[in-house]
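I have placed the structure first, in the form of structure tokens, so that the comments after it can refer back to it.
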Amino acid sequence: MTSSGTNSRADTGGGAQESVSAAWELLLPAASAPARGRGRALQSALREAVRSGRLVPGTRLPSSRALAADLGVSRGLVTEAYEQLTAESYLRSGHGAGTWVSGSVRAAEGGARDLAPRAPGTRVDFRPGTPDLSLFPRSAWAATHRSVVGRLPHSALGYPDPRGLPELRDALAALLTRRRGVVADPERLVVCSGVAQAATLLGFVLHGRGLGTVGVEDPGSPEHASLFSSAGLVTARLPLDDEGLAVGPLVRSGVRAVVTTPAHQFPTGIAYSAARRSRLLDWAREVEGVIVEDDYDGEFRYDRAPVGALQGLDPEHVAYTGSVSKSLAPGLRLGWLLAPASMTDEIVDRKRTMDMGNPAIDQAVLADFIVRGGYDRQLRRCQRAYRERRDALTTALAEHFPGTEVSGIAAGLHVIARLPRRYGPEAEFLSSAAEAGIALRLLSDCGDARANDGHVGLVIGYAHLPPADIARGVQLLAECRRGTG
């Protein structure tokens, strides 16, 4: 530092002087930045010195002339930096009183955290709900993205139709009609950020119509309750039987809206019987209610063609939801909602105020991917892989946990496994698994009353694991239980 810089700092207290000296380390690199960007670099470095606490509130800064001499830059750069940061309230100054660090700044604590649902340190993760993300078609998706961005008109980059781009709604309508048997009018199809947003939109509309309660399957997905709660609704847990949602308790509950997973119930893995599907539709017509159909993995059936969607039988009483979360990747946050005509306008209005529509480029890429056959190829690829992994899991359970009952249809991304009582109690089983680095989800977490019958009830996800990892994980689980038995 030059003598002028030292004299300027003599006015400050000991702590402030140390603060100024330490902050100079941040300012010196800015002074050697390229000439064109030196002013912005100096402002940014000085701003960060204040924000980080290297320059504490109440510190008197050197004069612009002294700091310019210390850093070897023009006085004008320093003057401009002081003026800019004073305008932003990082600094304060008075006529003839010098420039000081303001007390207005409160530095943010820490860096960005990752709250994604992961299990760090886990050797094998058997929790359900995740597809194999390594199967995401990176090359095909990237090629489609380049092609779409290259030809997308400028107008398409404005705010989209809150329902979604017309080309994506057309593509989805054709796809869902062909593969899931829905009645898909593109004018009633709303592109959403997954099934979670679809359920939330429906919840807001139902609440606005005066409904206070929505029925949910018991056992069922724990997420449904929190999604509808965010829209001001409470949930009534309604029991299942071997054919699906039990109609008697549904009628007695008095609800006029109910969430179902009829193609592959979560978590039990059953498919609703034809008779039960018909009876549920009769109930909806009788009470002028609505059935919310969560078709979360309806595409994946391994022993026969998948059962068509319930919505195709009565589109005016069934709101159909789905997404690409299991077929492509949940991180894309792309799904859809096919609503009854009487609800569509209200849903679209709510969607508009919620987020002004989904990203246009992502929608255009998915539309092109579907139209050109990439999505069908991806479904076939996943179908083959997931069938093989389900077989690997059932084989490993039979070998290492003899007597285990695997229930549900051959479909989806998970199985229900009831291990014999000798492997319990559940709490000890779960503790042993955690110590061995194996993540599990108990059936009791989903509300199944039968989970307390002495068996160890598990909801085991397999789609995201290669067959070798599945076999190794089941073997490790058996070994850790033998070690505590």
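Between Arg381 and Thr122, what is the FRET efficiency for a Förster distance of 30 Å, r being their Cβ-Cβ separation, to the nearest 0.05?
FRET efficiency, Arg381 to Thr122: 0.70.
If I take every Cα pair under 8 Å that is 6 or more residues apart in the chain, average their sequence separation and divide by the length, what percent do I get for the relative contact order?
Relative contact order for the chain comes out at 17 percent.
Check Val259: other-chain or 5+ apart residues with amide H under 5 Å from its amide H, H built from backbone geometry?
Under 5 Å from the amide H of Val259 lie the amide H atoms of Gly215, Val216, Glu217, Val292, each far enough along the sequence or on another chain.
Ignoring ligands and nucleic acids, what accessible area does Asp445 show with a 1.4 Å probe (Å², nearest 10)?
90 Å²
Give a residue-ordered list of calculated ³J(HN,Hα) values for segment 458-471 (Karplus: 6.51 cos²θ - 1.76 cosθ + 1.60, θ = phi - 60°; whole Hz; x for Gly, Pro).
Here the 3J(HN,Hα) series is 10, 9, 9, x, 9, 4, 8, 10, x, x, 5, 5, 4, 4 Hz.
What percentage of the solvent-accessible surface of the chain, computed with a 1.4 Å probe over protein heavy atoms, is contributed by carbon and sulfur atoms?
About 51 percent, which is the carbon plus sulfur part of the accessible surface.
Between Thr99 and residues 5 or more places away or on another chain, which pairs have amide H atoms under 5 Å apart, with H built 1.01 Å from N, and which residues are they?
When sequence neighbours closer than 5 places are left aside, the close amide H contacts are Leu61.
Where does the chain land on Rg/Rh, using Cα atoms and the Kirkwood Rh?
1.13
With each label point set 7 Å from Cα along the Cα-Cβ vector, what nm distance links Ser253 and Ser342?
It works out to 2.0 nm between the two label points.
Return the sequence-ordered ³J(HN,Hα) values of segment 92-105 in whole Hz as given by the Karplus equation 6.51 cos²θ - 1.76 cosθ + 1.60 applied to θ = phi - 60°, using x for Gly and Pro.
Karplus-based 3J(HN,Hα) across segment 92-105 equals 9, 8, x, 4, x, 9, x, 10, 10, 6, 6, x, 7, 7 Hz.
From the residues Leu85, Ala398, Pro162, which one has its Cα farthest along the dipole of the chain in the positive direction, the dipole being from +1 and -1 charges on Cβ of Lys/Arg and Asp/Glu about the Cα centre?
It is Leu85.
What are the residues whose amide H is under 5 Å from the amide H of Val318, where those residues sit 5 or more places off or on another chain and H is modelled from the backbone?
Ile291
Taking only C-alpha pairs under 8 Å that are 6+ residues apart, what is the relative contact order of segment 125-201 in percent?
23 percent
Please report, in debye to the nearest 20, how large the charge dipole of segment 333-452 is about its Cα centre when each Lys and Arg carries +1 at its beta carbon and each Asp and Glu carries -1 there.
400 debye
Only Lys, Arg, Asp and Glu count, each charged at its Cβ (+1, +1, -1, -1), so figure out the dipole size of the chain about its Cα centre, rounded to 20 debye.
Value, rounded to 20: 1200 debye.
Could you compute the net charge surrounding Thr99? Neighbours are other residues with a C-beta less than 11 Å from the C-beta of Thr99; K and R count +1, D and E count -1.
+1
What list of ³J(HN,Hα) couplings, whole Hz, do you get for segment 30-44 from phi and the Karplus terms 6.51, -1.76, 1.60, once you set θ to phi - 60° and write x for glycine and proline?
Calculated HN-Hα couplings, in order: 5, 5, 9, 5, x, 3, 5, x, 5, x, 5, 5, 5, 4, 5 Hz.
Which value at 222 nm does the chain reach when only helices count, each DSSP H run of 4 or more adding -39,500 (n - 2.57), with the total divided by all residues and rounded to the nearest 500 deg cm²/dmol?
-14000 deg cm²/dmol
Quick one: work out Rg over Rh on the C-alpha atoms of segment 402-444, Rh as Kirkwood radius. Present the calculation step by step, with values, prior to reporting the outcome.
On the way: Rg = 11.6 Å, Rh = 11.7 Å.
That ratio is 0.99, to two decimals.
Calculate, in nm to one decimal, what Ser407 and Ser230 gain on full extension: separation in residues at 0.36 nm each, minus their alpha carbon distance.
60.4 nm
Under a point spin-label approximation (7 Å from Cα along Cα-to-Cβ), what is the Ala143-Arg113 distance to one decimal in nm?
Going by the 7 Å Cα→Cβ label model, 4.3 nm.
Want the number for Ser273 to Ala156: 0.36 nm per residue separation, take away the alpha-carbon distance, what's left? Let's see the in-between values first.
On the way: separation 117, 0.36 × 117 = 42.12 nm, distance 4.44 nm.
Net length gain for the segment: 37.7 nm.
Report the FRET efficiency, 1/(1 + (r/R0)^6), for Ala398 and Thr86, where r is their Cβ-Cβ distance and R0 is 60 Å, rounded to 0.05. Could the numbers behind the result be given before it?
Working: r = 74 Å, r/R0 = 1.24.
With R0 = 60 Å, the Cβ-Cβ based efficiency is 0.20.
Could you tell me the calculated FRET efficiency between Ser431 and Ala468, based on Cβ-Cβ distance and R0 = 25 angstrom, to the nearest 0.05?
Rounded to the nearest 0.05, the efficiency is 0.45.
Kirkwood Rh and Cα-based Rg: tell me the resulting Rg over Rh for segment 355-402, rounded to two decimals.
Rounded to two decimals, Rg over Rh is 1.34.
Which order do the peptides 189-200, 141-152, 323-334 come out in when sorted by mean C-beta neighbours inside 10 angstrom, highest first?
Peptide ranking by packing, descending: 189-200, 323-334, 141-152.
Can you give me the accessible area per residue for the chain, using a 1.4 Å probe, in Å²?
Spelled out: the 1.4 Å probe surface of the chain, per residue, equals 45 Å².
The values are calculated or read from the model by the stated rules, or taken from the named source; none is laboratory data. Not measured: the values here are computed from a predicted model. Note that we place each Cβ from the backbone using ideal geometry, even for glycine, and neighbour counts take in every protein chain shown. Just so you know, the surface numbers come from the protein's heavy atoms only, side chains and all, with ligands and any DNA or RNA stripped out. Shrake-Rupley method; radii C 1.70, N 1.55, O 1.52, S 1.80 Å.
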